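Report on the structure given below.
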Amino acid sequence: MSSNQGLSPIAQSSGPSDGLFRKPRDPSMAPRHYRTARSLPDVCPKEPTGEGRALCDGPSVVADQHRWTVYNSKVNLPAALNDPRLAKRESDFFTKTWGLDFTETDVMPSFYLPNISREHFSSYLQETAQREKIHERCKNICPSKDDLSVPTITNNHDKARAELEQVPKIFMKPEFVLNDPATFNAVLPWSHFSVAGGKNSRDVASSRLLQEKLSHYLDVVEVSIARQISLRSEAFFHAMSSQHELQDRLRETADAVAKLRARTAAIDRVMCRGPLRALRDALTHNNCIKLHNKLKLMAAVHQTQPTVQLLLSTSEFVGALELITTTKEVLQQELQGIHSFRHLGSQLCEMERLIDKMMVADFSTYAQSDLSRPFEEDSQVLEKDRLQSLVFGLLRQRKLDFLDIYSEEMVRAAKNVVRQCVVKSVSQISEIDADAVKFHEQMRLMTFHQWFDLLLDIFEHFILFLKRIKATLSAIRNVVLEVLDSSQRSRLADVSSATNHSDGRTNEDEEEEDSGGGEAELAYLTHEGLFISDALNEAEQRSNAAAHAQTRAQTRTDACGSDSASATTESSSSREHNSNTTSSLPIGGAAAISEDVMPSDLELGRVANNAQELLYTASDVSHDRCIKVLMTRAKDGSLERLSSSEFVCLSQAVESFVSDTEELCGRRSVSLRGALQSQAYRFVQRFHEERKTKLSLLLDNERWKQAEVPAEFQDLVDSIADGRVTLPDRKPTGSKDRKPSDFLFVDGQKYAVVGTVLLLIRMFLEYCQCVNDIPSITTDILTRLADLLKHFNSRSCQLVLGAGALQVVGLKTITTRNLALASRCLQLVVHYIPVIRAHFETRLQPKQYSILRHFGHITKDYNDHIAEISAKLVAIMDSMFEKALSKYEVKAPMPSACLRNVCKQMAKMHEAIHELLPEEQTQILFLKINAGFKLHLKRQLARLGVINDGGPQYGLVMVDVAFYSENVQALRSLERLDLNMPEIWEQKR
């Protein structure tokens, strides 16, 4: 019973319990089963038998390929039938929703799935037929585990569970430890025993009862354990037999290992010790070669100083610097700690500083010789190879301020250019004593043409000067850009090689590093399994590679003509080959050092930009020197006194020089243009003052009589009409033979003019011509021309309307002919103002159009002046009418003397102006005069009390009026003039 009570808990805690009750019961089967090496029959899984449909309830692709299955369905049928939107499913649901063809659609079989038949499984059935027979035989031999008595197992399991439940749970806990006082008191309840020292019968009984209870618990557990062991006895027998078999195999393995060790010792004794001794000799030989190379390297380093001195004697600064740098690297990396070379490093540093000073001095000498050589030579770079070598050496030594030296020499050379040109020009002029006159005074003593030739010569020399500087700076900039490009390419190559090295060369580099020493290489050969012949071949390949690198270095240095340099380069190449074993530098150490020596990309870019800026500076320096030449000449005002043609020549020469320098240097310079602009302003001021003064003199001497128009002025006006607002280059042929005309014909109209207006037309054409030749002074010229036109208008008004000509010229009176002639002259100027405005508008920038408003103001002033002259003519006749008609009387004889006098005065008026003014203006003027006559006659008639009543006085007045009308309409161009004489009568009320 105790065994049955302990069965249940143990069975529950032992994992899956099927294996406990499905072992075979026949004892004769156990030895045979555990004696064989194959697995137990009951561990074979259940394999499918011939009843194919027992394993899968789904449709078969093979058997059901010709009938409809669930795999042919195109619609989720449950979803369609459970549609919540429908109250009930209609009978024609599918055909109503998806059409009549829904239920009758035939689904074509898939072209991607083959038709499977039983023949496809024939080979598989043939292969598994034998194993199926064996499986059936095993099933007959081993009864099925399901055949065991289920009730018996269940009863035993329940009994074991009940027995184990009698054992207190505290004994089953994983943390059961009697050292714990609480646990100990729970197991042995001493509280039941008497605390007194004596033992009574009750305590003895309690202790015996406790001992029996614990013994019972022990028996229950032991019975359960025995039951479990009996159930697993077969597994124990199987484990014991496997242990015996394992011991036999271990014994056989130990014998085989002993034999292998004996054979390995024999192989080591017979085959390894001799070859390893040969390998050790090969390593010793390699070490001797390295020592020999090191000694040769020391010999080469010993010859560094004589070689550097030899290179410096031929100005090979770059080679000397490379040799010094290489030697310093060798001293720091491969010859570090050698006592004989302890002072060589400081000596090399001192030589490097000396080379720096020599390169700076040599570059300064080169700049002087390049910039001071005669301009008759070509503008190619002087000793280009020497320049490139110097620039590369200066860059290598980070002497990035060498362009400042060239800049200083450039300024000094620009001054010498001007001095040489002046000396050359003065030597050709006999009137100037070069020794007695200062340098600046020599240019002032020259005539304009001599000075202008000197200026052109200076311009030409500066163009050659800038071309030479541009070629030199381009060569310098190309060297800087080549160094920059080389630096970038080497950086990209380093990145690429580092990537390849990290990806594909890791193991190989580790092998090379491990093979640095003899002991490490021997250990590698012994433990890593490398064959001795392979090790010898690898060592031979490394020695051949080192020898090949030395040969290439020797050849490369021999080409430079230096034995010591060859040795140094040879050591450098050997150092690069053995950098992983004998040097602390990373891969590509020489390239890394070279990058550290050369300036950074940012510094190189800054030097390239400085070279370009230096070309701009050269252009500015040239312009500044030319400005000094201009200012020296202009100091006494000689440039202001130039004629228009001379100043135009000067302006064109300066503009051409500035354009050439801008095209050559690629930068717009404003300094020389600004200096010329200031001179142009002074020239315009003097130009305007001369013409204004001349115009004032002409007006002061003008007698305001009609002048004859020479043929050249008519041709000038005709050229303006053709669109050429400029002075003719030369006088047209035959103009002197043509007779002058009385009128100036402009656009089909004839103008009677005075001589001053003709010269005024020529003057404003000179202003326009000046703008064509010197566009930079357009605004100044426009302002001055506007002032000239205003001056003509105001001065003519003072002389004619203001009667200033009476005192200035000595005229007796200002006649109507003078007034009409002045009006016609003003009209001619007004006609040309739009032409002048259009000409200046084409020369102005859009932002400068506001200055054109001056022409609008001038036009208004001229028109007002013309209107005032017309009013003056009317006023003259009006005063005559007032004086004459104040004595008018209505009495015989008729026509009256008063009207005869009025008609005579109007005839004189008409005779004075009808040839000067056009017909339209004459008619308008006489209409205004007639209006004044009617007004004064009306007033006189009113004073006399004569009215239009048809009486005798009315008839007499009408006779005079008819006489007046006939005389006025008899005048030329007034035949159709409507006098409207009835207005002389007062209207009846």
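The values are calculated or read from the model by the stated rules, or taken from the named source; none is laboratory data. Note that the structure is predicted; figures quoted are calculated from it, not measured. Every residue, glycine among them, receives a Cβ derived from its backbone with ideal geometry; neighbour counts consider all protein chains shown. Accessible surface areas use protein heavy atoms only, side chains included; no ligands, DNA or RNA. Shrake-Rupley method; radii C 1.70, N 1.55, O 1.52, S 1.80 Å.
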**Study point:** Area accessible to solvent at Lys883, 1.4 Å probe radius, in Å²
**Key:** 140 Å²
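Could you put Asp356, Asp485, Asp742 in order of accessible surface area, largest first, with the 1.4 Å probe and the full protein assembly present? Don't jump to the answer; show the numbers that get you there.
Numbers: Asp356 20, Asp485 70, Asp742 90 Å².
Ranked from most to least accessible, the order is Asp742, Asp485, Asp356.
Ranked highest first by the average count of other Cβ atoms within 10 Å around their residues, in what order do 295-305, 696-706, 889-899 fall? All intermediate terms of the calculation are to be shown ahead of the outcome.
Working: 295-305: 18.1, 696-706: 16.5, 889-899: 14.5.
Going from most to least packed, we get 295-305, 696-706, 889-899.
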Review point. Name the GluC sites (Glu not before Pro) in region 956-989 that are in a loop by DSSP and that have at most 16 other C-beta atoms within 10 Å, would you?
Key: Glu975, Glu986
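So which of Lys812/Lys934; Lys705/Lys908; Lys739/Lys790; Lys169/Lys213; Lys357/Lys467; Lys357/Lys384 end up more than 24 Å apart by C-alpha? Let's see the in-between values first.
Details: Lys812/Lys934 31 Å; Lys705/Lys908 17 Å; Lys739/Lys790 33 Å; Lys169/Lys213 14 Å; Lys357/Lys467 29 Å; Lys357/Lys384 21 Å.
Pairs exceeding the cut-off: Lys812/Lys934; Lys739/Lys790; Lys357/Lys467.
Which shape class, rounded, prolate or oblate, goes with region 870-913 when its Cα gyration tensor gives a ≥ b ≥ c as root eigenvalues, a/c under 1.5 marks rounded, and past that a/b bigger than b/c marks prolate? Don't jump to the answer; show the numbers that get you there.
Values: a/c = 4.77, a/b = 1.76, b/c = 2.71.
The shape class here is oblate.
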Revision key, fill the gap. Under a 1.4 Å probe, counting only protein heavy atoms, His831 has an accessible area in Å², nearest 10, of 60 Å²
Review point. If you count, for each residue, the other Cβ atoms within 10 Å and average over each peptide, how do 396-404, 843-851 line up from highest to lowest?
Key: 396-404, 843-851
**Study point:** Cβ charges +1 (Lys, Arg) and -1 (Asp, Glu), total dipole of region 692-800, debye
**Key:** 300 debye
**Study point:** Heavy-atom accessible area ranking, 1.4 Å probe, most first, across Arg353, Arg202
**Key:** Arg202, Arg353
Check your understanding: Sorted by packing (mean other beta-carbon atoms within 10 Å per residue), highest first, where do 384-395, 223-234 land?
Key -> 384-395, 223-234
Point to revise | Point-charge dipole on Cβ atoms (K/R +1, D/E -1) for region 459-501, about Cα centre, debye to 20 | key: 140 debye
Practice item. Could you tell me the accessible area of Met108 in Å² (1.4 Å probe, neighbours in place), rounded to the nearest ten? Key: 140 Å²
Point to revise | Dipole moment magnitude, nearest 20 debye, region 212-343 about Cα centre, only Lys, Arg, Asp, Glu C-beta charged | key: 680 debye
Revision key, fill the gap. The correct ranking of Ile833, Ile947, Ile405 by accessible area at 1.4 Å, largest first, is Ile947, Ile405, Ile833
Practice item. Rounded, prolate or oblate: pick one for region 266-330, where a ≥ b ≥ c are the square roots of the eigenvalues of its C-alpha gyration tensor, a/c under 1.5 means rounded, and failing that, prolate if a/b is larger than b/c, else oblate. Key: prolate
